[in-house]
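Following: one structure in structure tokens, then a few remarks.
Laboratory data are not the source of any read-out in this text; all were calculated from the coordinates shown. What you are looking at is a predicted structure, and each value in this text was computed from that prediction instead of being measured. In this analysis, Cβ positions are derived from the backbone assuming ideal geometry, glycine residues included, and neighbour counts consider all displayed protein chains.
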Amino acid sequence: MQIAADRQDPCDDERVLRLRLFHASDGARIAYREGGTGQPLVLWHSRGLSHREFMPASGELLDRVRLVLPDLPLHGDSEEAPGFPYDIDWTARLLAECTHEVGGARPRVGGSGIGAQLLLRAISRGWLEPSSLILLPGRLHRPARAGASASAARIAASVAAPAGPLIARSVARMAVRPELVSSGASPRVQSLVTGSRTAMLESGERSRAWRRVIAGWDTEEFRELLDHYAKVTCPTLVLWGSDDPLAPLRAAQEAADLIDQALLRTLPATGPLLAYDDPVGMAREIAAFLRDPWAD
């Protein structure tokens with residue numbers, strides 16, 4: 001992976017975010033963009049996308065916080081070497097380590113989709129103790145929908161012998177799909193998806209690493225979050241889309257009921273990608289929560 005640590009990345013409003021690298025204790029690398037001033041807010045994206053999931057809202061957020069947008073492992077410009085385990089706990093610990101480095105000892109942090117699930121995993125394991133938590137649309141503790149293609153990909157990945165690049169890419173492509181994007185998404189979102197998937201599968205090394213993830217991850221483990229929400233002791237904003245078949249409001253309501261200091265807010269006429277459907281509303285709700293969690 002060849003990237004320049006000081007490269008600039010244009011935002012939607014022509015501001016710039018600076019690209020930097022975090023090096024974990026085991027050598028794994030997380031690429032992240034940051035900009036703005038003040039206390040940092042770290043936002044982790046959903047599976048199959050990248051930091052660009054939040055870019056349409058970045059201009060509004062940069063007026064309020066020092067915004068930090070990392071790429072998950074095997075996404076964007078982050079780690080792709082196949083030698084790392086990429087299991088759920090390794091990934092959650094890596095997120096916690098990076099969040100502490102860029103956000104401080106008691107960081108303000110949020111995530112959508114798998115990003116939110118991994119943050120909650122890290123909190124339940126005691127690896128992360130945020131001062132504020134923001135949960136954005138995703139499955140959270142609810143089971144995944146049955147999908148023949150995902151099941152086939154997992155079987156193929158688990159039984160395949162060490163595969164060549166073409167086989168590895170084919171297996172990975174079967175299941176590496178954005179978790180929050182439907183087939184009827186807008187052209188702008190489809191462009192986001194296309195660019196993200198191309199980056200995720202562009203190299204043979206990354207495809208082989210994805211084959212390991214597909215074979216080894218049991219996402220049903222996240223159902224245990226129902227038993228661990230009580231370990232979230234910081235003010236928590238559960239910010240959801242009102243019209244979201246892929247991340248139904250019921251998951252948000254259940255999580256908010258079980259987290260002691262949770263505030264549930266919904267944005268009208270929005271789906272799972274809040275930054276694309278209502279960037280101003282998303283930034284407004286986050287800024288208000290960070291300023292005073294209990295203001296109405």
Exercise for the section: Within 10 Å, count the other beta carbons around each residue, average over each peptide in 86-94, 132-140, 233-241, and list them highest first. Expected result: 132-140, 233-241, 86-94
Problem - Cβ-Cβ FRET estimate between residue 258 and residue 288, R0 fixed at 22 Å, reported to 0.05 - result: 0.45
Handout entry: Centroid-to-centroid separation of segment 257-296 and segment 15-38 [C-alpha atoms, Å]
Key = 25
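Might you report the magnitude of the Cβ-based charge dipole of segment 208-269 about its Cα centre, with Lys and Arg at +1 and Asp and Glu at -1, to the nearest 20 debye?
Around 360 debye, computed over segment 208-269.
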Exercise for the section: Which order do the peptides 249-257, 44-52, 76-84 take when ranked by the mean count of other beta-carbon atoms within 10 Å per residue, highest first? Expected result: 44-52, 76-84, 249-257
Completion exercise
Gyration tensor on Cα atoms of segment 254-296, a ≥ b ≥ c root eigenvalues, a/c under 1.5 rounded, else prolate if a/b beats b/c, else oblate, says oblate
Practice task
For residue 26 and residue 125, compute 0.36 nm times the residue count separating them, minus their Cα-Cα distance, and round to one decimal in nm.
Solution key: 33.8 nm
Practice task
Starting from the Cα gyration tensor of segment 210-255, take the square roots of the eigenvalues, sort them a ≥ b ≥ c, and report rounded, prolate or oblate (rounded when a/c is under 1.5, otherwise prolate if a/b is larger than b/c, else oblate).
Solution key: oblate
